[in-house]
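See structure below.
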Amino acid sequence: MARLALRALAILAGTIFFASSGIFFLIHLSGDPTYGFLPVNTSPEIRESVRERLGLDQPLLTQYCMFMRDAFTLDFGYSWSLRQPAAEAVLRVFPATMQLALIGTVSAVVVGVVLGVITSATRSGPLEWLLSATTLVGLAIPGFWLGTLLILLFAVELGWFPSSGSAGWRSMVLPIVALTLHPASMIARLVRANMRDVESTMYIRTARAKGVPTRAVQWRHMLPNAILPAVAYVGLHAAGLIGGAIVIESVFAWPGVGRMALQAALERDMPVIHAFVVLSAVMVTLVNILVDLTAMAIDPRLRSSQVMSNAT
Amino acid sequence: MQRQTTHGINRRRVIQGGGSLIAGVAGWNVPTHSTAAQTPEPVRDQIVVDLDGDVSTFDPALTYTTRGWSIVHSIYDALVDFGSDGTIVPLAAETFATDDAITFEVTLRAGMTFHDGSPVTTAAITRSIEYMRASDSQVADLITVVDRVEEIDDLNARIICSEPAAWLPSQLAVWQVLLPEGFTPESLENNPVGSGPYRWGSYEPGNEIVLVRNLDYIWGSPKGQAMAEEVVYRFVPESATRVADLATGQADIIARIPIEQEAGIEGAGGTVIVADILATAFVRIATDVAPFDDPRVRRALNHAVDVQAIARALEGESSNRLASIYPDERALGFDPDLQPFAYDPELARELLAEAGYPDGFSTSLEVSQAPRLNYAEAIASDLEAVGIEVEIVAAEAGTFNAGWNDPEAPPLRYASWRPMYDPNTFLSLVVASDGFLSRYDNPEVDALIQDAAAEPDTEARNAIYQQLGRVLQEEPAAIYLWNAVTRYGVEPELADWEPRGDDYIVLTKA
Amino acid sequence: MQRDSVLRLESQHSSTGDVRGGSIERHRHPRFQSVLSLLPLLPLLSLVAIAVVGPLVIVADPDEQELLIRLQPPAWAGGSWDHPLGTDGLGRDLLARVAEGARFSLLIGVIAAVNAGVIGVMLGAFAGLAGGWIDRIITSLVTVEMAIPGIVIGIVITATLGQGLLNLIVILLLGGWIVYARIVRLQALALRQSEFVEAAHALGAGRFYVLRRHMLPNLAPTILVLFAQGIAAVMVYEATLTYLGLGLPIESVTLGSLVREGQQVVFSAWWAGLFPGLMIALAVVGFNFLADWIQARMRIDRIADM
């Protein structure tokens, strides 16, 4: 446990260092950032006074040192374009994104594992063909396009769910479906492939030979082995899953952090982008710890050996 | 899914007033509306508006998006407002007059209250001007011309400028909203209190703003009366989703609809309203570098581009080629008799030859990502047809805005400016030789801009700006393009809703 | 999506502690069977055909607008044969645009995947063979990048540097190199410790020589599979970036931008988004079949079936 925590801290520190430096230099080397967040008809005098107030008139190195010092104390400062602390602005909308991402991830794992097990059991039937086709579609269709098609079908034509917004569980259904299809397809394919590998191993054959019922073999003996890649997938793709949520919330007008991040980047509102990136990294790291713990719970061997989901 | 063409689409073009500028010249000297209380019309329970994004600030000194202004002008009233014909009309002021464009005499309407019940007095004028002046925003620049506010009594005051500023009312109409006693920068964001037709309801970041009808707003405001007990502004960035919201009845008005989606709105049973928003599109020509220092070359550019065809193809049938910078008859200085440049590539070639460029030349055209690059492409291909090779430079918005007066930046840049009720700001920033966005230098133009700013009589100002329009055609500062429009989708019951000329969605009705 | 093939490789390695390279074993096929075995390549070949031959054969200009025939349906659904797949919201010929988009998307996909592959393999090999602090830096780069959503990196790069082909490829590259680096590094790491290398070392062969001569050929099929899947993934990812306004400037035609445009008019013109969407699907299916085909031909040990 201590090792895990230390590792997570090291990753976080590295992330904050690289990401903060990257953001700082991208923002500062691409011209005067005040042109991002002040209107074009702001006079040079006002622009200069804003630059002074924000410390943008200091030498770049001084600014960088102060910026990094603040970064490591998680002090992101005041937003340049909103009248509130950057961290506060991001934290107000971040939970909605995480809600979407987490529910989406859990449903992707559940759906993916179930689909994977079913398809590995029923070989070459029409069902398998159908499910394989579905998973391929899941890989091929960009999330925003799927989201819009879902709106067209289930909101406009059938009227089952609202077309946008965040009022009640019904407005969550379509975004979750749109978010889930891609990762669920990936997981289904991983699980199916692993199930087939596991199937041919010695101990499963032994179990079968001993007369354990097929279904029990499948769910009790094979699945724990086959599920590991699905869990590891979540660890490897945690960042991608949050990224996917950002796209989906734009389609469904879900009040998450995506639009704010996009807007802040376009306005070069460095404190907000910074707070957002670091917060995302923290979330990804947390998810990875969870994933490692889950993996250890499933596979005792991992407890002694290295943590699997990280880049060894 | 039926076949759609531009014909037969259920839509309406809105352009209010129409040539009545001169008729309304007395404008802001005469109260045009009775102050007698009217019986309020029955209003809807709720109107839901889909905006294309969040409103990041409600502070009138910091807001600079039409989304933000929509909220600000629903909650607050300014002293004056723009009438539907483009003239300045008194709003919170009963009269607003000047003889010399230096001293503006204001009489407030009696009996107005803020949403917190406190009376609207002349102290509110001082408060808002002081606040704007102290702010670190573009507004502070405009207010520096105001030397002081003299409060004569609760209802009478004088705004005194340090130099003639005939344009001041058109600026006050935008951001000088009346602020109540005891407001703070925080309260402006969290619980703004104004004297306008709607009061603050609630705000959920990234999701929606709710405003509720101000029941005390029953005086005969030229803004009209609230159209609903409650207005919900939702933030829906995806335009296809906004159309879906209209189709499912989740929204009653949807803003910013791309021209391609007009057909979708009709399919959804809605009405498209195409609104002229006093926006001028143009390609600014820097005249501080050869060959653009020669007016013949600049005229040649104007003749070379088939602006009307591009406008119709990309903006739709409501957009037309402009003769100068003024978008339509609501803009001060618009001259219906001034003809736009003719599309005449032959003439363009002749002018180029006369100027010493018979084989043309090569140059570059900068465009920010936000507007369609299609425009730049179409313009460039017309210019290439007369021998001017154009390299298109797509710049990110911040970089683009930093390059307005950079002599190293591409000499041509595609841009648009709005709203252009009063051209003073645009002219003094982009065209005047000392403007900080300008690369144009013409003493005659500078003098006319000065004259217009100092001219208290609206009719005379209009004449000066018309004169300026003719000079700007002789010695172009730009390739003058078209009047840009915006498209709303509305549910059928609201089909007669009249959007404001400045694109602020303030749901009131006279 | 490519990360997951590796995932299975790695989980295999970590749970058994046994690192094996892929082994190549070419099957011998009778002639007719080898023709049959080319069948799975059909989707990809047709995509390539559309992308390469399409713009040469189709006379319509993908950029020419005719507002009077905006959103004309496909020929069989009430349109005309002048525009077999119909027109888009600005009256442009959809068939020509789809062909143009396929070509451009394919090009972007290949360039991005090649770059990601080369950089990933080089860094992975370097990290694994050099070890020590070099390894630690590269590994932490990987870890850091995995902790930040790729979309976010795209947002920051595009907002500050603007839209453009180079920036798009950099964003796609950043999303793709990790997978190669991880797998090659593991192999190189194992190699470093193996007796085999010690022996080669004793014979005077350098590590990089061994890597180049013995390891990379062994890894080639794996990398090829990742590469095939990578191109498909890039094409989908490009569409997503375009949706967020992080793709190419608006005048460039890619399958992603076509789907984006189609999505905008989905309520009045199903065809505008359907056909480019189908092309992306064809690409994903095609490249995945290609990956399967490579695996089948070369029987790569322990690679996921997708």
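The values are calculated or read from the model by the stated rules, or taken from the named source; none is laboratory data. These numbers were taken from a predicted model, which means no experiment stands behind them. Cβ sites come from the backbone with ideal geometry, for glycine too, and all protein chains shown count toward neighbours. In case anyone asks, the SASA skips ligands and DNA or RNA and just uses the protein heavy atoms, side chains included. Shrake-Rupley method; radii C 1.70, N 1.55, O 1.52, S 1.80 Å.
Tabulated data
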quantity: Residues of segment A:262-277 satisfying the condition of being more than 9 Å from chain C (Cβ to nearest Cβ) and in a helix (DSSP H, G or I); calculated: A:Gln263, A:Met270, A:Pro271, A:Val272, A:His274, A:Ala275
quantity: From A:Ser30, A:Ser81, A:Ser49, residue being modelled with pLDDT of 90 or more and facing chain B (nearest Cβ under 9 Å); calculated: A:Ser49
quantity: Single match in A:Gly159, A:Gly168 (criterion: out of contact with any helix residue (DSSP H, G or I) (no Cβ under 6 Å at 6 or more places or on another chain), more than 14 Å from chain C (Cβ to nearest Cβ), open to solvent by 20 Å² or more (accessible area, probe 1.4 Å) and at pLDDT 90 or above); calculated: A:Gly159
quantity: Close pairs (8 angstrom Cβ cut-off, 6 or more residues apart or separate chains): more than 7 Å from every other protein chain (Cβ to nearest Cβ) in segment B:231-244, open to solvent by 10 Å² or more (accessible area, probe 1.4 Å) and acidic (Asp, Glu) anywhere; calculated: B:Val232/B:Glu208; B:Tyr233/B:Glu208; B:Arg242/B:Asp52
quantity: Checklist (1) closer than 30 Å to B:Thr65 by Cβ; (2) away from every other protein chain (no Cβ under 14 Å) applied to B:Tyr357, failing item; calculated: (1)
quantity: Subset tally (residues that are out of contact with any Asp or Glu (no Cβ under 7 Å at 6 or more places or on another chain) and either within 11 Å of chain A (Cβ to nearest Cβ) or at pLDDT 95 or above (or both)) for segment B:50-64; calculated: 10
quantity: Selection within segment B:400-426 - within 14 Å of chain C (Cβ to nearest Cβ) and crowded, with 22+ Cβ neighbours inside 10 Å; calculated: B:Phe400, B:Asn401, B:Tyr414
quantity: Count - residues of segment B:169-213 that are touching a His at 6+ places or on another chain (Cβ under 6 Å) and among the polar types (S, T, N, Q); calculated: 0
quantity: Odd one out for B:Leu179 among (1) at pLDDT below 95; (2) more than 14 Å from chain A (Cβ to nearest Cβ); (3) not in a strand (DSSP E or B); calculated: (1)
quantity: Sole residue being assigned to a loop (DSSP other than H, G, I, E, B) and not aliphatic (A, V, I, L, M), chosen from B:Ser428, B:Ser433, B:Ser381, B:Ser416; calculated: B:Ser433
quantity: Segment A:138-148, residues that are facing another protein chain (nearest Cβ under 7 Å) and open to solvent by 10 Å² or more (accessible area, probe 1.4 Å); calculated: A:Ile141, A:Gly143, A:Trp145
quantity: Test: residue in segment C:246-256 that is buried (at least 21 other Cβ atoms within 10 Å of the Cβ), more than 9 Å from every other protein chain (Cβ to nearest Cβ) and assigned to a helix (DSSP H, G or I); calculated: yes
quantity: Segment B:266-287 - residue that is over 20 Å from the mean Cα position of the chain (by Cα), more than 8 Å from chain C (Cβ to nearest Cβ) and among the hydrophobic types (A, V, I, L, M, F, W, C) and, of those, surrounded by the most Cβ atoms within 10 Å (Cβ to Cβ); calculated: B:Val272
quantity: Scope segment B:193-221; condition free of Cβ contacts under 8 Å to residues at least 40 places away in the same chain and open to solvent by less than 40 Å² (accessible area, probe 1.4 Å); matching residues; calculated: B:Gly201, B:Asn207, B:Val210, B:Tyr217
quantity: Within segment B:385-414, considering residues that are touching a helix residue (DSSP H, G or I) at 6+ places or on another chain (Cβ under 9 Å) and acidic (Asp, Glu), the one farthest from C:Ile155 (Cα to Cα); calculated: B:Glu389
quantity: So C:Ser105, is it within 14 Å of chain A (Cβ to nearest Cβ), polar (S, T, N, Q) and surrounded by fewer than 21 Cβ atoms within 10 Å (Cβ to Cβ); calculated: no
quantity: Matching entry among B:Val236, B:Val297 (being open to solvent by less than 10 Å² (accessible area, probe 1.4 Å) and within 25 Å of the chain's Cα centre (by Cα)); calculated: B:Val236
quantity: Odd one out for C:Ile183 among (1) under 30 Å from C:Val48 (Cα atoms); (2) part of a helix (DSSP H, G or I); (3) of a type outside the set (Gly, Ala, Ser); (4) out of contact with any Ser or Thr (no Cβ under 8 Å at 6 or more places or on another chain); calculated: (4)
quantity: Residue satisfying condition, being part of a helix (DSSP H, G or I), of a type in the set (Val, Ile, Thr) and at the interface with chain A (Cβ under 10 Å from one of its Cβ atoms), within set C:Val118, C:Val152, C:Val114; calculated: C:Val152
quantity: Where a residue in segment C:168-192 is more than 11 Å from chain A (Cβ to nearest Cβ) and its partner, wherever it lies, is surrounded by fewer than 24 Cβ atoms within 10 Å (Cβ to Cβ) and among the basic types (Lys, Arg), with Cβ under 8 Å and at least six apart; calculated: C:Leu191/C:Arg207; C:Arg192/C:Arg207
quantity: Which numbered condition B:Ile125 misses (of (1) touching a strand residue (DSSP E or B) at 6+ places or on another chain (Cβ under 8 Å); (2) part of a helix (DSSP H, G or I); (3) open to solvent by 30 Å² or more (accessible area, probe 1.4 Å)); calculated: (3)
quantity: Any hit, segment B:443-461, residues being over 16 Å from B:Val283 (Cβ atoms), buried (at least 19 other Cβ atoms within 10 Å of the Cβ) and within 12 Å of another protein chain (Cβ to nearest Cβ); calculated: no
quantity: Options B:Gly316, B:Gly356: the member that is small (Gly, Ala, Ser), outside any helix (DSSP H, G or I) and either open to solvent by less than 30 Å² (accessible area, probe 1.4 Å) or on the phi < 0 side of the Ramachandran plot (or both); calculated: B:Gly316
quantity: Matching residues in segment B:489-510 - criterion: being open to solvent by 20 Å² or more (accessible area, probe 1.4 Å) and assigned to a loop (DSSP other than H, G, I, E, B); calculated: B:Glu491, B:Ala495, B:Asp496, B:Glu498, B:Arg500, B:Ala510
quantity: Some residue of segment A:198-217 being under 30 Å from A:Gly240 (Cα atoms), open to solvent by 20 Å² or more (accessible area, probe 1.4 Å) and either within 14 Å of chain C (Cβ to nearest Cβ) or not small (Gly, Ala, Ser) (or both); calculated: no
quantity: Residue within segment B:189-207 that is under 30 Å from C:Gln264 (Cα atoms) and more than 12 Å from every other protein chain (Cβ to nearest Cβ) present; calculated: no
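Okay, residues lined up against (1) aromatic (Phe, Trp, Tyr); (2) closer than 23 Å to B:Asn207 by Cβ; (3) assigned by TED's automatic domain parsing to the domain that holds A:Gly143; (4) open to solvent by 10 Å² or more (accessible area, probe 1.4 Å):
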residue	(1), (2), (3), (4)
A:Ile46	no, no, no, yes
A:Ser49	no, no, no, yes
A:Gly55	no, no, no, yes
A:Tyr64	yes, no, no, yes
A:Arg69	no, no, no, yes
A:Thr97	no, yes, yes, no
A:Leu102	no, yes, yes, yes
A:Val110	no, no, yes, yes
A:Val117	no, no, yes, no
